[in-house]
Amino acid sequence: MTTAGPGGTGPGGTGPGGTGPGDSGPLDLPPLVDQHCHGVLRGDLSAAGFESYLTESDRPAAAGTTFFDTQTGFAVRRWCPPLLGLAPHCTPGEYLARRHELGAAEVRRLLLHGTGIGTYLVNTGLPGDLTGAHETAEAGGGTGHEIVRLETLAERVAAGVRAGEEGAGAAPDAAAEVFAAQLADAVRDAARSAVGFKSIAAYRHGLALAPEPPTTADVVTAARTWLATGTHRLTDPVLLRHLLWLAIGTGRPLQLHTGFGDPDLRLHHSDPSLLTDFAHATAGTGTDLVLLHCYPYHRQAGYLAHAFPHVYADIGLSLTHTGPRAAAVLAAFLELAPFGKLLFSTDAYALPELYTVGTAAFRTALGEVLTGWVRSGAWSEADAVRVAGLVGAGNARRVYGLSGG
Ligand SMILES: [Zn+2]
């Protein structure tokens with residue numbers, strides 16, 4: 001089966017980049033659904049700026065080292081240069097010079113057109129001059145939908161209430177009640193156009209939150225305290241938990257950050273198994289939970305997807321950052337998680353290169369793992385092709401209620 005990547009110049013999924021390891025016939029992938037991704041930067045980047053997006057750290061590389069010397073850096077140099085007319089594995093300097101020569105818009109077009117992604121579920125609400133959901137999808141010739149980040153929504157509502165309070169001199173309790181009412185409206189409104197919500201409670205507080213919804217009195221008390229502090233950033237555990245339950249109430253899938261991914265988290269507080277009681281508490285609601293990122297707790301995420309019908313696991317970022325080891329990581333996801341419960345994504349952010357690397361890592365790892373299992377006789381080729389289509393697109397289409405496919 002073909003594991004061509006970053007390719008995907010259509011349903012056949014074959015494109016530039018050649019075939020991957022274990023080639024033994026076509027692996028027919030439909031246009032992919034990237035169920036967790038972000039906009040890309042509109043402007044050009046300096047060399048240091050570019051390098052800063054190759055890592056999940058927000059700090060510079062250690063003295064005498066470079067983030068190009070990582071699995072992600074090597075993957076960029078493997079998959080992206082051919083799409084810009086250069087040889088694979090050219091030097092970072094050659095690549096960045098070519099990138100500069102072409103300009104950000106042309107690089108975006110060349111890279112995004114080669115991914116084979118047909119649908120982008122773009123998580124908005126991040127800082128920076130980033131392309132929006134439709135603009136990102138348009139650059140890749142696909143369709144875009146929005147996933148709304150809950151904490152950003154709450155911070156926006158709080159800023160509006162604070163501004164109004166200053167003008168009107170409202171009592172703190174009244175302001176907290178206004179905030180609670182406006183927040184509920186904002187989440188409900190967002191659910192009309194967005195296809196899902198995302199929570200970053202994992203790195204605002206940690207996932208060890210009480211599983212049940214907070215009482216209205218608790219929400220008002222917490223809101224009063226938060227509004228009084230004047231801090232923009234929402235970290236209050238009662239309000240973070242309240243947001244989860246507001247989202248659950250809409251019926252839209254709720255994505256939860258778990259595992260690695262952002263520098264301000266405490267890794268052990270983002271272990272998805274900390275969500276076990278929340279999974280129990282939400283089991284009868286009819287709303288699906290999608291565990292994002294997961295690594296290095298991808299086995300725990302696979303277990304939760306195994307145990308709870310409404311829990312799904314995202315294989316994105318884990319594959320983007322693990323280079324040739326992505327096959328081993330994907331195989332671990334596939335140990336316990338039912339095949340209808342795993343979802344492809346790139347978690348690409350800022351650099352279009354991360355869309356290229358994310359899709360190439362997925363195609364390569366998937367081809368390598370499934371080809372091995374077909375060769376050993378464990379799986380039939382027809383089943384391998386069917387499962388590849390589910391993980392790459394079908395599962396996300398079903399979970400998010402997307403048409404087409
Ligand atoms: Zn993300």
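Some points to look at:
- Selected residue (only one of ARG162, ARG156, ARG192 is more than 15 Å from the ligand (Cβ to nearest atom), among the basic types (Lys, Arg) and in contact (Cβ under 8 Å) with a residue 60 or more places away in the chain): ARG162
- Condition met for THR143 (modelled with pLDDT of 90 or more, crowded, with 18+ Cβ neighbours inside 10 Å and within 15 Å of GLN35 (Cα to Cα)): yes
- Members of segment 268-288 found to be farther than 25 Å from ALA223 by Cα and within 16 Å of the ligand (Cβ to nearest atom), listed by number: PRO272
- One residue from ALA350, ALA396, ALA360, ALA378 being closer than 14 Å to HIS321 by Cβ, of a type in the set (Gly, Ala, Ser) and either touching a strand residue (DSSP E or B) at 6+ places or on another chain (Cβ under 9 Å) or more than 16 Å from the ligand (Cβ to nearest atom) (or both): ALA360
- Residues that are farther than 17 Å from PHE197 by Cβ, touching a helix residue (DSSP H, G or I) at 6+ places or on another chain (Cβ under 9 Å), surrounded by fewer than 22 Cβ atoms within 10 Å (Cβ to Cβ) and not β-branched (Val, Ile, Thr) do occur in segment 237-250.
- Answer from THR322, THR282 - the residue that is of a type in the set (Val, Ile, Thr) and touching a Leu at 6+ places or on another chain (Cβ under 7 Å): THR282
- Residue in segment 146-155 that is touching a helix residue (DSSP H, G or I) at 6+ places or on another chain (Cβ under 9 Å) and of a type in the set (Lys, Arg) present: no
- Checking segment 327-340 against the condition returns a match, with at least one residue being over 22 Å from LEU126 (Cα atoms), free of Cβ contacts under 8 Å to residues at least 24 places away in the same chain and surrounded by fewer than 24 Cβ atoms within 10 Å (Cβ to Cβ).
- Qualifying residues in segment 110-124 (those that are touching a residue at least 40 places away in the same chain (Cβ under 8 Å) and part of a loop (DSSP other than H, G, I, E, B)) - the one nearest to the ligand (Cβ to nearest atom): THR124
The values are calculated or read from the model by the stated rules, or taken from the named source; none is laboratory data. Everything quoted here is computed from the prediction, not taken from an experiment. Don't worry about glycine lacking a Cβ; one is built from the backbone with ideal geometry, like all the others, and counts go over all protein chains shown.
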